Structure formats: structure tokens, C-alpha cells
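The values are calculated or read from the model by the stated rules, or taken from the named source; none is laboratory data. Remember, it's a predicted structure, so these values are computed and weren't measured experimentally. Quick reminder, even Gly has a Cβ in these numbers, built from the backbone with ideal geometry, and neighbours come from all protein chains shown. When the accessible area is computed, the model is the full protein with side chains, heavy atoms only, and any ligands, DNA or RNA have been set aside. Shrake-Rupley method; radii C 1.70, N 1.55, O 1.52, S 1.80 Å.
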Amino acid sequence: MAHIQIFGTGGTIASRKGSGTGAVASDSAEVLLLGLSGRDSVVSQDILTTGSYRLGLGDLRTIAEFVNKSLEDEQVDGVVVTHGTDTMEETAFLLDLVHDSPKTVVLTGAQRTADSPNPDGPRNLEEAVLAAGSPELRGAGVLIAFSGYIRSARGARKAHTTAANPFAGGCEVAHMAGDELIVTGLPLTRRPLPLPSSAFDTIRVEIVTVYPGATTELFDYAVTAGADAIVLAGSGVGNAGPGFAESVASAVARGCPVVLSTRTPWGPVVPTYGNGGGTDLVSAGAVPSADLNPFQARILAALLLSHGTSPRDFPHVFSLYR
Ligand SMILES: NC(=O)C[C@H](N)C(=O)O
């Protein structure tokens, strides 16, 4: 039987509605395990107990350090992290970028609180433990298990606020058929990056979104306010309106790298248009995020900057891991 380390961080899976002040994460990982079958082969530890909407980059670094250390333990065959769904895609992607083990890491959570009449957390946790211990999924890196589907962390995003399975995207690697895990494919993995340095905690990578009528004011303000990098969530294949190409050029000249992503939920950034479009933004120095959405692009940018990647090297190194 596979030995699985479970780390609790909070989220709805650990939350209770209590007496009307709004649901708050309070259950320890030990409590989450109570609903689990085959508990003998599972050990738990709490890293945090909070809603994922409250996390800072320092918390993500802490989670990555716990997970990494646990993967080095010969007694551990796989790791599960329970986590709020709001920002699970960010933590999962950071873990994936630094993942350096054949063992599998699986994040899961819940959409209904632990004290709801029909909580989904216990089932999700059961499936995550199964996936983390599956010999067939060794080498799959970091995954998200939710409501019967297991997908890669890279490319996954919370795509629905309330659906039983809020996650979409990434590469589907397995699904449940009753109590059985059916593995359908393994995601491509990249060379692991080092863990974030402590600089990660305070790195400022701001996301600026474009929309009809958007001025460059917020973008320019981010640069003068000291942003270490900016992710521009452009429209469509990666475009922006009047003034943005000039602002990108001026940010890059000041040593603030710019990543061009898209506000469109699915599909790659493909610089195509002039007249301020993606072709001009890239000419001005922005580096396209390829398939990375703004939130995962931001995590990669912050990780690279925490390693001391210079603004000059940033576009090349970012391109290797996007
Ligand atoms: N379903 C959830 O877990 C949402 C919760 N607000 C969180 O991200 O912590």
C-alpha cells in the first residue's frame, strides 16, 4: 500500500459556516482524514489553515518547501495538498515548476464546506490519495484532482465559481470510473527549476488587463510604483489598445520585464496584429506567455526573478519554461 503524506493548507474543504459570519477554514488535516478509507498508510501535517484567497507568495514558498522536503523522504510514495480552489492553480503551478521527483503531488479541495449536508471534500480527498499513490501516475509531476477528474497543474484554471468541478484546462491524465482510477495519459514535464528564494515573498509581479477604452495609466503606475515585472493580460491572441506598445517599451527600458498573456480563458498568445497589437507589443520588448494564463505566467515570472534572473535574461529564460 502506498504511503501518502497529506499537507493541509485550508480552503473550503477545511471550512465550516459556523454561526453566520461567513465560512472560515478551521479543520486540521487530521480532521479531514477522518472520512478517508485506508487511513493507515496516510500521515498528515498542517502547513496553514486559511482560505486560498488570503495567500501571499511567502505562503506558496512555504508550501513548496514542505512538499519538496517530503518528496525526499524514502517513506513517502506520494504527496497530497488540500487547498482552497480560488488560487489552487497558482500554488499547483509553482509546485510543478520546482518538482524534481518521480513521485506524484496531487492538490485537491472542495466546493462545499465540511459542515454542508453533502460535502464533496471527502470524496475528492479519497481520489487525490488514490492518484498520488498510483504507480501508473509516477512521473506525472503535479496534478489537480477534483470531482472524478485528474489534470495537470500546468494549464489548469478555476473556470467556474460554483460547479462541482470548478477546474478545466491543463492535460487530463486520469478519471475515476466508480472507485477505479483510469489513467489516460501523462503530461509533458520540463526541467525543474530551483525552489524560490526568500526574495519570492515580496516580489511584485502585477497583472494589468486591457479592455475597450483602457488607458495605460494603471500599467505606467505599476512601473513607477516599483513593480518587478508586469503581466499584460491582452485581448484575444495578445493585443492592447493605443499607447500600450509605448508603455511596454518604456517599462522594459526601465528594467521592468513585461509578459504578454491574454484575458481570453483558453488558447495561446500568438502575436499577429500591428497597430498596437501583439506584434507591436513584442517588438516593444514584451515576452509572449504562450499558453500560460496571466496568473500562472505571474508565478513563473516571480520564480525566475527570485532566482536573480536579470531583466536582460528574463525573456530568454521565461521562454524556456512558459
Ligand atoms: N472552494 C474553495 O476552496 C474556495 C475558497 N474560497 C478558497 O479558495 O479558499
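Might you work out the accessible area of residue 230 for me, using a 1.4 Å probe with all protein chains in place, and round it to the nearest 10 Å²?
0 Å²
Spin-label point model (7 Å from Cα, Cβ direction): what's the residue 316 to residue 201 distance in nm?
Result: 3.2 nm between the two label points.
Given a 1.4 Å probe, how much area per residue of the chain is accessible, in Å²?
Using a 1.4 Å probe on heavy atoms only, each residue of the chain averages 43 Å².
Say a paramagnetic label sat at a point 7 Å from the Cα of residue 191, along Cα to Cβ; which residues of region 288-322 have their backbone N under 12 Å from it?
In region 288-322, the label zone of residue 191 (backbone N under 12 Å from the point 7 Å along Cα→Cβ) covers 317, 320-321.
Using the charge dipole of region 198-321 (Lys, Arg: +1 at Cβ; Asp, Glu: -1 at Cβ; taken about the Cα centre), state which of 317, 211, 227 has its Cα farthest towards the positive end.
317
Rounded to the nearest percent, how much of the accessible area of region 71-123 (1.4 Å probe, protein heavy atoms only) is carbon and sulfur?
43 percent
Can you tell me, using C-alpha contacts under 8 Å and at least 6 residues apart, the relative contact order of the chain as a whole percent?
Contact order relative to length: 14 percent.
Per the helix-only calculation at 222 nm, which mean residue ellipticity applies to the chain, given -39500 (n - 2.57) for every DSSP H run of n ≥ 4 and division by its residues, nearest 500 deg cm²/dmol?
One gets -7500 deg cm²/dmol as the mean residue ellipticity at 222 nm.
Can you compute the charge dipole magnitude of the chain about its Cα centre, using +1 on each Lys and Arg Cβ and -1 on each Asp and Glu Cβ, nothing else charged? Give it in debye, rounded to the nearest 20.
540 debye
Write out the GluC sites (Glu not before Pro) in region 5-92 meeting two conditions: DSSP loop, and at most 14 other Cβ atoms within 10 Å of their Cβ.
Those that pass, being in a loop and sparsely packed, are 72, 74.
Along the Cα→Cβ direction, 7 angstrom out, place labels at residue 72 and residue 17. What is the inter-label distance in nm?
4.5 nm
Take residue 53 and residue 183, extend 7 Å from each Cα along the Cα→Cβ direction, and tell me the distance between the two endpoints in nm.
For residue 53 paired with residue 183, the spin-label model returns 3.7 nm.
Given axes a ≥ b ≥ c from the Cα gyration tensor, I'd like to know whether region 4-183 is rounded (a/c under 1.5), prolate (a/b larger than b/c) or oblate.
Cα axes put region 4-183 in the rounded bin.
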